[in-house]
Amino acid sequence: MSDDIKIRIRNLYKIFGDNPEMALDHVKQGMGKTELLAEHGHVLGLNDINVDMPAGKTTVIMGLSGSGKSTLIRHLNRLIDPTAGQVLIDGDDILSYNDKQLRDLRQHRMSMVFQKFALFPHRTVLENTGLAPSVEGESKKKYADEARKWLARVGLEGQDDQYPHQLSGGMQQRVGIARALTSNSDIMLMDEAFSALDPLIRTDMQNLLIELQAELAKTVVFITHDLDESLKLADHLVILKDGFIVQQGEPQHILLNPADPYIEDFVSDINRARVLRTRSVMQKTGTGTKDIAGEVDHDANLESVIEASGGDTNKCYRVMKNGEEVGILDMRTLVRALVPQGGSDDPEAARRAG
Amino acid sequence: MATYDFIFDKLGLRGWCGDGGSGDGPMSMADLLGQTTGEDTAVSAWDTPFPSLDALHDACETIPQSRDLTTGLETGFLNIKDTLKIVVDPLTQPLSWALNEMLWLMQAVPWWIMIPLLMLISYAVGRSLKLVALVAVCFGFLAFVDYYDYTMQTLAIIFVCAFICVLLGVPIGIAMSRSDRTQRVMIPILDMLQTLPPFVYLIPLIFLFSVTEPKLYGIAIILYAIVPVVRLTDLGIRLVDQDVIEAADAFGMTDRQKLFGVQIPLALPNIMAGVNQTIMMSLAMVVIASLVSAPGLGVLVLRGIRSLELGVGLLSGLGIVLLAIILDRVTKAALARINASQN
Ligand SMILES: Nc1ncnc2c1ncn2[C@@H]1O[C@H](COP(=O)(O)OP(=O)(O)OP(=O)(O)O)[C@@H](O)[C@H]1O
Ligand SMILES: [Mg+2]
């Protein structure tokens with residue numbers, strides 16, 4: 001896991017309408033989405049987007065409905081072309097690609113998983129899974145082994161000859177994921193891939209994705225409108241609103257330092273004890289010489305620490321990473337972290353003012 | 001004299017109209033009537049005629065009569081006819097040839113091969129023994145009442161025409177689905193083809209080709225029956241789930257792969273529904289086309305009407321119904337099989 005940047009998005013704008021160039025000038029002068037629609041009849045899809053997506057990690061793009069998430073992810077494989085800006089993949093500007101290069105990008109370097117699965121209803125599970133090789137002209141016999149391997153990996157054995165409509169939603173999305181994996185591409189785009197599934201299946205699928213990520217370390221771009229999901233999956237979290245980025249960064253950091261009332265709203269309903277990790281709230285240097293009640297892992301969530309302490313706020317824990325001490329966690333700090341903090345002031349007042 | 005004299009008088013066009021009054025041109029029926037009754041035109045306001053070509057002609061001879069319009073159309077058509085023929089004749093020659101060969105083939109094969117063969121085809125298409133039995137009973141009955149040859153002729157014409165309809169109609173439908181402009185151009189043409197009474201097709205065709213050529217009725221049938229397959233191909237492709245198309249794009253399919261691997265297979269139920277209707281419409285038209293020497297059961301219907309042979313008319317009508325039922329059931333069975341395999 002290196003810190004290379006796989007996908008760079010630079011000053012990306014997308015405006016839907018008859019004369020996007022004209023509208024672009026207005027947007028660059030600071031016109032917002034609602035005014036642009038009211039005064040010029042153009043829809044502002046994306047507004048000056050800059051994101052670096054690290055290789056081998058999961059970047060989650062989150063926002064409410066209509067905030068431009070699908071529009072953004074479709075720029076990465078150019079299902080949508082931007083009004084202005086750059087998309088660089090491995091340093092290549094994909095907007096300069098011709099048809100052939102673009103097809104190559106879509107066949108080999110990227111794959112996509114869709115909210116509504118988008119399987120081919122007239123092909124069997126195996127044929128659907130082997131879509132990427134079959135597009136290249138490989139025969140079914142040739143790709144069958146590879147496709148079966150990935151089907152097995154997502155937990156779908158022996159369903160080869162079923163048709164998609166014979167499977168449940170969760171199974172269909174497993175086929176969707178196997179289809180993406182069979183292309184052996186580095187990048188996997190997932191547009192609300194789990195949104196259409198019921199909560200239990202959804203948790204299963206999230207766990208499956210985390211497992212696969214630990215094993216394969218693909219560059220995943222995951223879209224969701226669900227904060228719990230994004231906190232669970234994200235290495236890098238990007239929050240969109242009305243086409244612009246409100247805040248991006250490490251999810252724990254965003255949770256503890258929301259930059260904006262919009263994000264405060266988002267994070268206020270969340271179960272912080274389950275989401276926050278000890279490493280995000282610990283003190284780096286152990287100041288107090290209190291008794292150490294025990295050791296906790298740096299990646300453990302606060303819930304598990306509270307459980308271990310039995311609710312005693314006087315205790316202190318040593319935070320360990322790979323067998324070494326990285327900090328001290330005071331139960332009092334922990335409890336304070338459970339309540340959202342709106343800077344130095346009362347959060348309600350800050351929200352009303354801002 | 002005539003009701004609308006005053007217009008030309010007021011506008012000072014009398015000179016342009018010639019003398020007015022009795023000219024030397026051919027007289028219209030109205031003129032003749034006017035002459036015999038000897039009345040001059042003291043028409044009450046109630047009887048004011050519409051300012052039609054004929055009424056205006058009465059007032060001013062330079063205005064043509066409506067009769068001249070129809071003659072004009074006719075001479076116009078006859079003038080371009082020869083040039084049109086040079087283009088259309090060789091283009092449609094294969095149609096004559098195909099029809100002749102098919103008619104010959106279907107009649108040359110003995111019945112004890114033909115009927116089992118048709119049963120086999122219906123089984124291959126529909127996979128249903130009930131259907132095969134229906135086919136056997138219907139053809140058996142028609143052969144029993146000595147209408148076998150007529151039935152085979154009708155069937156031959158339908159096979160050829162429906163096949164050509166699909167051959168031309170599916171690509172046209174695909175072109176329409178890919179471009180909104182093509183669709184906008186084609187829809188009025190299809191509307192026209194669909195609403196023109198079938199007899200009207202026959203009129204210019206009779207002038208264009210000799211009545212002895214099979215392509216005359218071949219073209220009439222194809223023009224009439226091609227519409228549903230075109231429309232439903234266009235519709236079927238446009239109705240393909242956009243998410244699936246997006247997935248095809250996202251995995252780097254070429255336009256060709258998308259068309260043959262995704263769009264056409266998914267549009268197949270609609271295309272087949274179009275084929276079904278096309279076949280039914282060719283059957284309807286092949287009966288009418290017997291007016292222009294199309295052989296088959298239609299000839300018997302025509303004989304029934306012409307020489308008032310009630311029995312022949314009824315029996316051949318029944319034959320057409322049986323044929324329609326068979327064709328409909330067989331194509332519907334094919335459609336059902338496609339539907340079942342897709343969802
Ligand atoms: N083809 C288009 N033409 C015009 N406007 C569009 C088009 N596609 C998207 N938009 C607009 O762009 C905005 C962002 O849409 P987008 O689909 O990206 O939202 P989203 O964040 O994916 O929402 P959801 O969660 O509902 O999927 C919306 O206001 C939408 O109306
Ligand atoms: Mg979306």
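Please treat every number below as a calculation from the coordinates, not as lab data. These numbers were taken from a predicted model, which means no experiment stands behind them. Here the Cβ positions follow ideal geometry from the backbone for every residue, glycine too, while neighbour counts run over all protein chains shown.
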Per-residue mean of other chain beta-carbon atoms within 10 angstrom of the beta-carbon, peptide A:120-132? 3
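For region A:277-337, count all C-alpha to C-alpha pairs, find those more than 14 Å apart, and express that count as a whole percent of the total.
On the way: 805 of 1830 pairs.
Tail of P(r) above 14 Å: 44 percent of Cα pairs.
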Any chance you could give the angle, 0 to 90 degrees and rounded to 10, that helix B:66-108 forms with the longest Cα principal axis of chain B? 20 degrees
How large is log10 of I(q)/I(0) for region A:120-194 at q = 0.20, 0.25, 0.27, 0.28 Å⁻¹ when the intensity is taken from the Debye formula with one equal scatterer per alpha-carbon? -0.78, -1.22, -1.38, -1.46
3J(HN,Hα) from dihedral phi, region A:146-151, Karplus parametrisation 6.51/-1.76/1.60, rounded to Hz, x for glycine, proline: 4, 5, 5, 4, 6, 4
Suppose the Debye formula is applied to equal point scatterers at every Cα of chain A; what is log10 I(q)/I(0) at q = 0.07, 0.14 Å⁻¹? -0.37, -1.20
For region B:142-155, take each phi angle, set θ = phi - 60°, evaluate the Karplus expression 6.51 cos²θ - 1.76 cosθ + 1.60, and give the result in whole Hz per residue in order, putting x for glycine and proline. 4, 6, 4, 8, 6, 9, 4, 4, 4, 4, 5, 4, 4, 4
Mean-square fluctuation maximum in Gaussian network of chain A, Cα pairs under 10 Å, restricted to A:Val326, A:Val275, A:Val43, hits A:Val326
State the answer as a single residue: which of A:Leu46, A:Met188, B:Cys161 lies farthest towards the positive end of the charge dipole of the protein assembly as shown, with beta carbon charges of +1 for Lys and Arg and -1 for Asp and Glu, about the Cα centre. A:Met188
Determine the percent antiparallel among the DSSP beta bridges restricted to the protein assembly as shown, to the nearest 5. 55 percent
Neighbouring Cβ atoms within 10 Å as the yardstick, rank B:Val109, B:Val87 fewest first. B:Val87, B:Val109
What are the residues whose amide H is under 5 Å from the amide H of A:Asp297, where those residues sit 5 or more places off or on another chain and H is modelled from the backbone? A:Met320
If you bin the C-alpha pair distances of region A:127-277 every 5 Å from 0, what whole percents do you get? 2, 8, 17, 18, 17, 13, 9, 7, 5, 2, 1, 0
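Let me spell out the model: positive unit charges on the Cβ of Lys and Arg, negative unit charges on the Cβ of Asp and Glu, origin at the Cα centre of the protein assembly as shown. What dipole size does that give, in debye rounded to 20?
Working: 61 positive and 82 negative charges, 434 e Å.
Magnitude of the dipole: close to 2080 debye.
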Give me the percent of DSSP beta bridges within chain A that run antiparallel, rounded to the nearest 5. 55 percent
Who wins for biggest fluctuation among B:Gly169, B:Gly218, B:Gly252 in a Gaussian network model of chain B, springs between alpha carbons below 10 Å? B:Gly252
Per chain B: cysteines with no other Cys C-beta under 4.7 angstrom? B:Cys138, B:Cys161, B:Cys165
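Pull out the extension gain between A:Ser96 and A:Ala38, defined as 0.36 nm times the separation in residues minus the alpha carbon to alpha carbon distance; nm, one decimal. Display every interim value, and only then the final one.
On the way: separation 58, 0.36 × 58 = 20.88 nm, distance 3.33 nm.
Additional length available on full extension: 17.6 nm.
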Report the calculated FRET efficiency for A:Glu215 and B:Leu84 (r = Cβ-Cβ distance, R0 = 60 Å), to the nearest 0.05. 0.25
Residue by residue through region B:282-288, the couplings from Karplus 6.51 cos²θ - 1.76 cosθ + 1.60 with θ = phi - 60°, in Hz, x for Gly and Pro, are 5, 5, 4, 6, 5, 5, 5
What does the charge dipole of region A:277-337 about its Cα centre add up to, to the nearest 20 debye, if the Cβ of each Lys and Arg holds +1 and the Cβ of each Asp and Glu holds -1? 280 debye
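Counting Lys +1, Arg +1, Asp -1, Glu -1, what net charge surrounds A:Ala84 among other residues with beta carbon under 12 Å of its beta carbon?
Details: positive: A:Arg10, A:Lys14, A:Lys28; negative: A:Glu21, A:Asp25, A:Asp48, A:Asp81.
Charge balance near A:Ala84 sits at -1.
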Only counting other Cβ atoms within 10 Å, I'd like B:Cys17, B:Cys165 sorted with the fewest neighbours first. B:Cys17, B:Cys165
Which residues qualify? For A:Lys57, with a placed amide H closer than 5 Å and at least 5 residues away or on another chain, they are A:Val220
For a quick check, take a GNM of chain B with Cα springs below 10 Å and name the residue from B:Gln242, B:Gln93, B:Gln107 with the largest mean-square fluctuation. B:Gln242
Based only on Cα atoms, what mean projected area does the convex hull of region B:79-342 have, in nm²? 16.2 nm²
What ranking of A:Ser230, A:Ser280, A:Ser168 emerges when the number of other C-beta atoms within 10 Å of each C-beta is taken as an exposure proxy, fewest first? A:Ser168, A:Ser280, A:Ser230
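Just to be sure I understand: if I project the alpha-carbon convex hull of the protein assembly as shown onto a plane and average over all orientations, what area do I get in nm²?
Taking the Cα atoms of the protein assembly as shown, their convex hull projects to 51.4 nm² on average.
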Computed magnitude of the charge dipole of region A:5-267 (debye, nearest 20; Cβ of K, R +1, Cβ of D, E -1): 740 debye
